[in-house]
């Protein structure tokens, strides 16, 4: 089995078990590819807030599983790198309450565009686009107007804002049937930012491989138990 296939299967297994648990352990190692600064202004119906912060994706681990990149969907809290948090709950993003009711579906479309997100500028753009989708309620995604506005900082000079705008503009013609979107929910735990990420929806052949792998694990487990009896 190829290494590129093992990682999605391992993460899918982790998610399968985590979704049944009442609490999940999540740790953040740092920004996956660096970050860009940006100025943000949130207006009603959001709780009004203005801040300057760093935008980028986080290298994340869930319940000790393989690392992946998650993005913040909570501009009212903070988190620390390198500290395990033991009170997250993994939920489908559609069941996680945010200001924009269409956020989960549109974040799925953002992933489905399959734009390269492998630099500090691109990851900042992806994060800013996710924030815009999460907090904008005007019916149109525009970083300069509406209930969520983004400007300045290195995101403005590096091109991250321009890139985020172009990706948001493509959502109207994008469909998503390839990605499942998840939220790491920390509601009720001040100081913990809620996070979002997506996993590929496995092809039927991948489901068969996952089932075969789990079956083998069960067979080996029974044989080991029999030897110990």
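The values are calculated or read from the model by the stated rules, or taken from the named source; none is laboratory data. Everything numeric in this text was worked out from a predicted model, so none of it was measured. Note that each Cβ is placed from the backbone with ideal geometry, even for glycine, and that neighbours are counted across all protein chains shown.
Considering only residues in region 83-119 that are surrounded by 19 or more Cβ atoms within 10 Å (Cβ to Cβ) and more than 15 Å from the chain's Cα centre (by Cα), the one that is modelled with the highest pLDDT turns out to be 100. The single condition among (1) in contact (Cβ under 8 Å) with a residue 40 or more places away in the chain; (2) part of a strand (DSSP E or B); (3) over 25 Å from residue 178 (Cα atoms) that residue 83 does not meet is (2).
Scan region 121-141 residue by residue and report those that are under 22 Å from residue 48 (Cβ atoms), touching a residue at least 12 places away in the same chain (Cβ under 8 Å) and either assigned to a loop (DSSP other than H, G, I, E, B) or out of contact with any strand residue (DSSP E or B) (no Cβ under 6 Å at 6 or more places or on another chain) (or both).
Pass one, region 121-141, residues under 22 Å from residue 48 (Cβ atoms): 127-141.
If we keep only those that are touching a residue at least 12 places away in the same chain (Cβ under 8 Å) too, we end up with 127-137, 141.
Across region 121-141, the qualifying residues are 129, 131, 133, 134, 136, 137, 141.
For residue 59, are the conditions met, namely being part of a strand (DSSP E or B) and more than 13 Å from residue 184 (Cα to Cα)? For residue 59, the condition - part of a strand (DSSP E or B) and more than 13 Å from residue 184 (Cα to Cα) - is met. So, residue 80, is that one closer than 22 Å to residue 26 by Cα, under 18 Å from the mean Cα position of the chain (by Cα) and surrounded by fewer than 18 Cβ atoms within 10 Å (Cβ to Cβ) or not? Considered against the rule, which asks whether it is closer than 22 Å to residue 26 by Cα, under 18 Å from the mean Cα position of the chain (by Cα) and surrounded by fewer than 18 Cβ atoms within 10 Å (Cβ to Cβ), residue 80 comes out as yes.
Do we have residue 75 as within 14 Å of residue 186 (Cβ to Cβ) and in a loop (DSSP other than H, G, I, E, B) here?
Criteria met by residue 75.
Residues in region 15-39 that are touching a helix residue (DSSP H, G or I) at 6+ places or on another chain (Cβ under 7 Å), modelled with pLDDT of 95 or more and part of a strand (DSSP E or B): 36, 37, 38, 39. Please count how many residues of region 142-193 are assigned to a strand (DSSP E or B) and surrounded by fewer than 14 Cβ atoms within 10 Å (Cβ to Cβ). Matching residues across region 142-193 total 1. Could you figure out which of (1) touching a helix residue (DSSP H, G or I) at 6+ places or on another chain (Cβ under 8 Å); (2) modelled with pLDDT under 95 isn't true of residue 185? The failed condition is (1).
Return the residues of region 51-67 that are closer than 23 Å to residue 122 by Cα and in contact with a strand residue (DSSP E or B) (Cβ under 8 Å, 6 or more places away or on another chain); say none if nothing qualifies. Reasoning before the result, please.
From region 51-67, those closer than 23 Å to residue 122 by Cα are 51-61, 66-67; that's our starting set.
Residues satisfying the conditions are 51, 52, 53, 54, 55, 56, 57, 58, 59, 60, 61, 67.
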